[in-house]
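The values are calculated or read from the model by the stated rules, or taken from the named source; none is laboratory data. Bear in mind that the values here come from a model prediction, so they are computed numbers and not experimental data. Quick reminder, even Gly has a Cβ in these numbers, built from the backbone with ideal geometry, and neighbours come from all protein chains shown. Calculation scope for accessible area: heavy atoms of the full protein, side chains included, ligands and nucleic acids excluded. Shrake-Rupley method; radii C 1.70, N 1.55, O 1.52, S 1.80 Å.
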Amino acid sequence: QVQLVESGGGLVEAGGSLRLACAASGLTFSTYAMGWFRQAPGKDREFVAGINWRGGTDYADSVKGRFTVSRDNAKSTAYLQMNSLKPEDTAVYFCAARPTVLLTTPSHFNYWGQGTQVTVSS
């Protein structure tokens, strides 16, 4: 029943921007925290940014000032606006959902999307 679908990934030059979207269905979206994670080849999945059910946000130090996470409860969609992209941002980006409280550990999230590839060229 629960489905998370990421979109918006692609190839972009360093310094460019992308906006990722995560469309959710099958859950009461407004009561869930939404997290964004990324995984590069050979690397662990890492927390990027997230937003709790009240709109509070958290960011990894590596993306602060460049990325912005938001949500539109009317559309059951979370977003990740990525600006000033760097080659080291290249990864598969996943959205995830868990009830209410935003945490940063992947194992604490109940639901996951399929991922979308972001490639930043130098």
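In the context of the full protein assembly, PHE94 retains an accessible surface of approximately 20 Å², using a probe radius of 1.4 Å and ignoring ligands and nucleic acids. Here the mean projected area of the convex hull built on the C-alpha positions of the chain is 6.7 nm².
Which value, in debye to the nearest 20, gives the size of the charge dipole of the chain about its Cα centre, when Lys and Arg are +1 and Asp and Glu are -1 at the Cβ?
Numbers: 11 positive and 9 negative charges, 46 e Å.
I would put it at about 220 debye.
Using Cα pairs under 8 angstrom and six or more residues apart, how large is the relative contact order of the range 1-66, in percent? Kindly include the intermediate steps, with their values, before the conclusion.
Details: 80 pairs, mean separation 14.4, N = 66.
Relative contact order, the range 1-66: 22 percent.
What a 1.4 Å probe finds exposed on the chain is 46% carbon and sulfur by accessible area, rounded to a whole percent. The solvent-accessible area of LYS86, taken with every protein chain present and a 1.4 Å probe, is close to 80 Å². Note on the chain: with a GNM built from Cα contacts shorter than 10 Å, the maximum mean-square fluctuation among GLY55, GLY65, GLY42 falls on GLY42.
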